[in-house]
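Just below is one structure, and these are the notes that go with it.
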Amino acid sequence: MSTIAFIGLGNMGNPMAKNLLKAGCTVRVFDVNTDAARQLESEGAQLALSLDDVVKGADTVITMLPAGEHVCAVYLGDHHGGAGLLNLVSEGTFLIDSSTIDPESARLVASEAANKDLEIVDAPVSGGVAGAQAATLTFIVGGSDEAFNKAKKVLQHVGKNIFHAGKAGDGQMAKICNNLMLGVLMSGTCEALSLGIDNGLDPEVLSNIMLQSSGRNWALELYNPCPGVMEKVPSSNNYQPGFMGKLMLKDLGLGIDAALHSQSAVPMGTLARNLYAFHNARGNELRDFSSLFEFYHDKNESE
């Protein structure tokens, strides 16, 4: 099996690296949070303490980083003279970035990689922590046909659905569109459930009615935001993430940035972004994004 360098071991990266280990891959891990990397060492991963160290002997590098600035710094080098991955990896190393970032940063890194005859794909994920743990993530890949086929052989160990969105950066753009829709959908679901509750309806009964009617959607089916309606979802666990509100706000911001670039109209995405900005500012940014339900229904939220 291949040797994979995995960089970025947060809520998503940690279970992804574990599933690669379960698949029989040799996995070398690095994170600026050394404790996060040491946790994977106890699972059988090889611990590295620097970017230079983690890529030694690796056939493939996977990165899972917070934002475009971090991706650019890791791949291209930072302003303090630190070398980036493109100058550290061996010839023929295949690169996969599974961060969710702006398409322009993804295309910049891809262009610089091509200048060094290195293949890279942007492959952001959908499915959240539960999907990462169960190896059922959806990967949305941008890159050449050849690079996509290479990526698929690796990503099949950690994901269930692997789509080729198009050229470099298109994986990011498709993910941004998906999460813009998710933010709008969750906002509307919270609003409808709260309206029903305020008018005397049982939220579980209302959810079941909408599930069998034209209001059916992903949140009602798999991620109900009203506490007590559905087991094993964040709303029934004090909104423990899951997918943090600050990440939804970031992704909605990426959608608005992309809309400004293309002069597209995104009024509902803009409203959802503003709702999350207000809700998060009241101490909810680290809670699950479905906690937006409290914006509508928790009377303390509006006092």
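Please indicate, with yes or no, whether at least one residue in the stretch 225-242 is out of contact with any strand residue (DSSP E or B) (no Cβ under 6 Å at 6 or more places or on another chain), basic (Lys, Arg), part of a helix (DSSP H, G or I) and open to solvent by 60 Å² or more (accessible area, probe 1.4 Å). Looking for residues that are out of contact with any strand residue (DSSP E or B) (no Cβ under 6 Å at 6 or more places or on another chain), basic (Lys, Arg), part of a helix (DSSP H, G or I) and open to solvent by 60 Å² or more (accessible area, probe 1.4 Å), one finds none in the stretch 225-242, hence no. Screening Ala192 against (1) closer than 23 Å to Lys250 by Cβ; (2) open to solvent by 30 Å² or more (accessible area, probe 1.4 Å) leaves a single unmet condition, (1). When the stretch 11-63 is filtered for residues that are within 19 Å of Ala134 (Cα to Cα), open to solvent by 30 Å² or more (accessible area, probe 1.4 Å), among the aliphatic types (A, V, I, L, M) and not in a helix (DSSP H, G or I), the ones remaining, listed by number, are Met12, Ala23. Screening Ile176, Ile120, Ile101, Ile162 for residues that are touching a Lys or Arg at 6+ places or on another chain (Cβ under 7 Å) and of a type outside the set (Lys, Arg) leaves exactly one candidate, Ile162. If you go through the stretch 196-220 and keep only what is touching a Pro at 6+ places or on another chain (Cβ under 7 Å) and without any contact (Cβ under 8 Å) to a residue 40 or more places away in the chain, you end up with just Gly196. Annotation note: Cβ proximity below 9 Å between a residue of the stretch 119-144 that is of a type in the set (S, T, N, Q) and a residue that is in a loop (DSSP other than H, G, I, E, B) and surrounded by fewer than 22 Cβ atoms within 10 Å (Cβ to Cβ) (sequence gap 6+ or interchain) occurs for Thr136/Gly127; Thr138/Gly127; Ser144/Glu119; Ser144/Lys167.
I need the full set of residues from the stretch 93-112 which are crowded, with 22+ Cβ neighbours inside 10 Å and part of a helix (DSSP H, G or I), in order please. The answer is Pro103, Ser105, Ala106, Val109, Ala110. Once the stretch 275-303 is narrowed to residues that are under 22 Å from Ile101 (Cβ atoms) and either assigned to a helix (DSSP H, G or I) or of a type in the set (D, E, K, R) (or both), the residue that is most open to solvent (accessible area, probe 1.4 Å) is Glu285. Looking across the stretch 176-189 at every residue that is closer than 16 Å to Ala258 by Cα and among the polar types (S, T, N, Q), the one that is least open to solvent (accessible area, probe 1.4 Å) is identified as Asn179. Hey, could you check the stretch 1-10 for residues that are touching a Cys at 6+ places or on another chain (Cβ under 7 Å) and of a type in the set (A, V, I, L, M) and say which is least open to solvent (accessible area, probe 1.4 Å)? Across the stretch 1-10, the extreme among qualifying residues is Ile4. Evaluate the following for Leu201: is it modelled with pLDDT of 95 or more, closer than 19 Å to Met230 by Cβ, open to solvent by 10 Å² or more (accessible area, probe 1.4 Å) and part of a loop (DSSP other than H, G, I, E, B)? Spelling it out, Leu201 is indeed modelled with pLDDT of 95 or more, closer than 19 Å to Met230 by Cβ, open to solvent by 10 Å² or more (accessible area, probe 1.4 Å) and part of a loop (DSSP other than H, G, I, E, B). Going residue by residue through the stretch 162-175, is there one that turns out to be modelled with pLDDT of 95 or more, of a type outside the set (Asp, Glu), open to solvent by 60 Å² or more (accessible area, probe 1.4 Å) and assigned to a strand (DSSP E or B)? Yes, the conditions are met somewhere in the stretch 162-175. Selection of the stretch 113-135 for residues being open to solvent by less than 10 Å² (accessible area, probe 1.4 Å) and assigned to a loop (DSSP other than H, G, I, E, B) yields Ala123, Pro124.
Evaluating Ala259 against the criteria (1) assigned to a helix (DSSP H, G or I); (2) open to solvent by less than 20 Å² (accessible area, probe 1.4 Å); (3) touching a Cys at 6+ places or on another chain (Cβ under 7 Å); (4) not polar (S, T, N, Q) leaves one unmet condition, (3). For the stretch 214-224, does any single residue satisfy the condition of being hydrophobic (A, V, I, L, M, F, W, C) and over 26 Å from Ser99 (Cα atoms)? Yes, there is a match, as at least one residue in the stretch 214-224 is hydrophobic (A, V, I, L, M, F, W, C) and over 26 Å from Ser99 (Cα atoms).
The values are calculated or read from the model by the stated rules, or taken from the named source; none is laboratory data. Just so it is clear, the model here is predicted, and its values are computed rather than measured. All Cβ positions, even for glycine, are placed from backbone atoms using ideal geometry, and neighbour counts span all protein chains on display. Protein only, heavy atoms only, side chains kept; ligands, DNA and RNA dropped before computing areas. Shrake-Rupley method; radii C 1.70, N 1.55, O 1.52, S 1.80 Å.
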